[in-house]
Amino acid sequence: MDRIDLKILGCLQDDAMMPVAAVAEKAGLSTSPCWRRIQALIEKKIIRRRVALLDANLVNVPVTVFVTLKTNKHHSKWMTTFAREIAKIPEVTEFYRMSGEVDYLLRIVVPDVAAYDNVYKRLISAAELFDVSSSFAMETIKYSTALPLNYAKV
């Protein structure tokens, strides 16, 4: 990767539907070389996929809940089963295995508290858990899917 690739990645992180000609102009290239670079970034799996970011309010999931989970089970069979079951819950948009006092962290989006209660019931039936703690986001201060590119090796 070089600085031109980083410019291309920056453009696509900002707007994945940006026409190649516009990306090329911002990166200082003509269209064909820019398209080839994008294809190379896809082949190298630097660009994993292109997605549409939706407005949570307009698709009726304005409530974000961060859920911390603790378990007494720390073996691969339990973890594999648990991960498979959690992955089936569409309201879970992010799922992390953590270090420290919390074992797992989930980001869940729902229309309201009643919908979260239904998700909670699915969570606790997915596997044996020691503790489930929920925190409702009151306000989104910053939300971005863009990764910082200043650490990329050029």
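The values are calculated or read from the model by the stated rules, or taken from the named source; none is laboratory data. Fair warning: this is a prediction, and the values are worked out from it, not measured in the lab. Every residue, glycine as well, gets a Cβ built from its backbone with ideal geometry; the counts of neighbours run over all protein chains shown.
Reported count of residues in the range 117-143, each being among the aliphatic types (A, V, I, L, M) and free of Cβ contacts under 8 Å to residues at least 12 places away in the same chain, is 3.
So, in the range 41-51, of the ones that are in contact (Cβ under 8 Å) with a residue 12 or more places away in the chain and among the hydrophobic types (A, V, I, L, M, F, W, C), which residue ends up farthest from residue 4 (Cα to Cα)?
So in the range 41-51, the residues in contact (Cβ under 8 Å) with a residue 12 or more places away in the chain come out as 41, 46-47, 50-51.
Right, trim to among the hydrophobic types (A, V, I, L, M, F, W, C) and you get 41, 46-47, 51.
Values: 41: 12, 46: 14, 47: 15, 51: 22 Å.
Only one residue tops the list, namely 51.
Keeping to the range 1-31, report how many residues are assigned to a helix (DSSP H, G or I) and either touching a Ser or Thr at 6+ places or on another chain (Cβ under 8 Å) or among the small types (Gly, Ala, Ser) (or both). If you could, list the steps in order and put the result at the bottom.
Initially, the range 1-31 is screened for residues assigned to a helix (DSSP H, G or I), giving 3-14, 20-27, 31.
Those left that are additionally either touching a Ser or Thr at 6+ places or on another chain (Cβ under 8 Å) or among the small types (Gly, Ala, Ser) (or both): 10, 13, 20-22, 24, 27.
Total satisfying the criteria: 7.
Per the listing 91, 43, 25, the residue uniquely at pLDDT 95 or above, among the charged types (D, E, K, R) and under 18 Å from the mean Cα position of the chain (by Cα) is 91. Scanning the range 15-68 for residues that are surrounded by 12 or more Cβ atoms within 10 Å (Cβ to Cβ) and either under 27 Å from residue 135 (Cα atoms) or in contact with a Phe, Trp or Tyr (Cβ under 6 Å, 6 or more places away or on another chain) (or both) gives 20, 56, 60, 61, 62, 63, 64, 65, 66, 67, 68.
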